[in-house]
1. Please compute, for the alpha-carbon atoms of the range 291-389, the extent along each of the three principal axes and give them in descending order in Å.
2. In debye, nearest 20: dipole of the range 157-246 around its Cα centre with unit charges on the Cβ of K, R (+) and D, E (-)?
3. Just how far, in whole angstrom, is the range 122-184 from the range 402-435 if you go by their alpha carbon centroids?
4. Hey, with R₀ at 51 Å, roughly what FRET efficiency would Glu242 and Arg122 work out to, going by the Cβ-Cβ distance, to 0.05?
5. Given the rule -39500 (n - 2.57) for each run of at least 4 DSSP H residues, summed and divided by the residues of the chain, what is its mean residue ellipticity at 222 nm, to the nearest 500 deg cm²/dmol?
6. Using a Gaussian network model of the chain with C-alpha springs under 10 Å, which one of Ile182, Ile245, Ile410 is most mobile by mean-square fluctuation?
7. For a quick size check, give me the Cα extents of the range 44-149 along its three principal axes, largest first, whole Å.
8. In the P(r) worked out for the chain, what percent of Cα pairs fall beyond 36 Å?
Amino acid sequence: MSKKPRNEVKQRLRVFENNTILLIFSFLAAAAVWFAMMASNSESRATVIRNVPINVEISDTAQEAGVRVFSMSSSATDVSITGNSLITSKVTSEDIGVTATLDPSVSMLTGSSLQQTTLSLRAAKKGNTLAEYEVESVSPSEITVVYDKYKETQLTLETNFQYTTAENYYAPSTPTLSTELITVSGPESSVNKVARAVLEYKFSEELTQSKSLSCKVTLYDANGNVLDPTELYLKLSDDTVEVSIPVTSRQTVKLEADVRNIPDSFASNRITIDPAEIEIAGDGETVSKYTTLTLSTPINFLDVTPENNTFTVAIPVPSSVTNVTRVENATVTFNLNGYKETSVLTSNISVTNVPEGMEAELSTKTLTLKIIGTAAQISKLTGDSVFCTVDLSTVTDPSGSMEAPVTVTINNADSCWATGSYTAHVTLLPKTESSTSNASN
């Protein structure tokens, strides 16, 4: 009784020992599993495509008015699709387009404030619209956008740098900037708030050498309040500007006047220069060469009178040197207190340096001269003390008549001088035998 069942089991197991039967059985099992999987995959399932970019379409009218979107509550969304999982598993964010339409009333954009609105999102297939899946929903289904007309303006950068230099050093009040202008762009209402663009920095220590730094641009409104570009959706052509502060050596130099034809007796303390000195700055080696600077234009003392005793003369600035005092002209004053002016008639006129082979005939017999001097010497002055010399050494055409310059000499009156310029009429003629014999006699 027990042997019969055992034999039946053994016979059944021997079937699997047959390779052919085992191969057929394996094939049938695999086919069954494949058909089961296909049946499962052909079912319609929901799939979420994440981070699909959102595109805001602005109406033509708004675009023509310069409307732009400056902020979106979200730049991407999730889209739910359904379809054959074999298809939906291959769908990416690039296969789906999500859009929102902005069609504002342009007349409402007055440039005084930013505008905000909520837009509904729409999702659709891109490319092969016949693909076997459907767009079911978008999450989030709405976004909030900030918009306005676009505007840009250009501002000149202002500087507010606080620094001092150590003794014997100099730095200009205005540093050198990598750019003088900056462009601010963004929403019209935000750009309209910007009144100034400023570079600011404060140095805690005295400067003894040149400094370079990158300085942030700060925006201010008309009331002096700082504006935050990020909050106002503003963009700057340069967020930072390179700043250079050159620091050079500094030195004080005296000013001197170049006075010509001044009498030896005229005291130097009667001549004052205002300013008497200036400060210059530059490379240490260059600046150290100068202890005095001579004013640019010479002053002819013969032009000095009690009524004309003040002269304005330019202050020279050597190459590679800065006039720190920033005074361009100096005033030279001659103190003529105690001096008087008088007119003197003299006939003491002589001619010198007559060209060889010529004789000079002096048509001018007398000259009236304006003499300036101390009261004591002027009171004793006569025409006999004054001598006029006509010098022909500079004559280029030794023939005919001419007006030749006269040099005035005053004897026994060292504090007197003739003011102004004088000429005498002279005629040059070839020497004759009679004039030669008269000269020899």
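Readers should treat all values here as calculations from the given coordinates under stated rules, not as data from a laboratory. Because the structure is a prediction, the values reported are computed rather than measured. Every residue, glycine among them, receives a Cβ derived from its backbone with ideal geometry; neighbour counts consider all protein chains shown.
1. The principal-axis extents, from largest down, are 57, 43, 21 Å.
2. 60
3. About 82 Å separates the Cα centre of the range 402-435 from the one of the range 122-184.
4. E(calc), rounded to 0.05, equals 0.60.
5. -4000 deg cm²/dmol
6. Comparing Ile182, Ile245, Ile410 in the GNM, the peak value goes to Ile410.
7. Answer, in whole Å and largest first: 54, 22, 16 Å.
8. Every Cα pair in the chain considered, those over 36 Å come to 69 percent.
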